[in-house]
1. Above 12 angstrom, tally the Cα pairs of the range 38-89 and express them as a % of all pairs, no decimals.
2. With label points built 7 Å along Cα→Cβ from the Cα atoms of Ser95 and Leu66, find their separation and express it in nm.
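Please treat every number below as a calculation from the coordinates, not as lab data. Owing to the predicted nature of the structure, the values given are computational and were not obtained by experimental measurement. No Cβ is skipped: glycine too gets one built from the backbone with ideal geometry, and neighbour counts run over all protein chains shown.
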Amino acid sequence: MSRGPGLWQSLWGIDVREVRCYLTSMKTTVSSKGQVVLPAELRDRDRIVPGQQFSIERLDPGEYLLKKLAGSENAGLVDWLLACPEKGWFQPLASESTDTLSTSKL
């Protein structure tokens, strides 16, 4: 099979790389605190929520790879339960620190 320009480019003169760049490439600014804001369109599309963790890799000077890390298996469960339509159904339990437990009681 030939690895030529591809069907889209040969039929309509479309460069798929340019289309992909147009659909996924956006501009953002680094804040004075060194923070990079992801545009809302990307956050919504990829279900990125506050506190979401990412890994970042420096590929070359000025070129970086940002990857969304998988959340925990039950991430958002408490929020989901608290949003239950039947108010008062889910009540979070108060928890205590395990730092004060004595090993003699175990």
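1. For the range 38-89, the fraction of Cα-Cα distances above 12 Å is 75 percent.
2. Label-label distance for Ser95 and Leu66, simple model: 3.0 nm.
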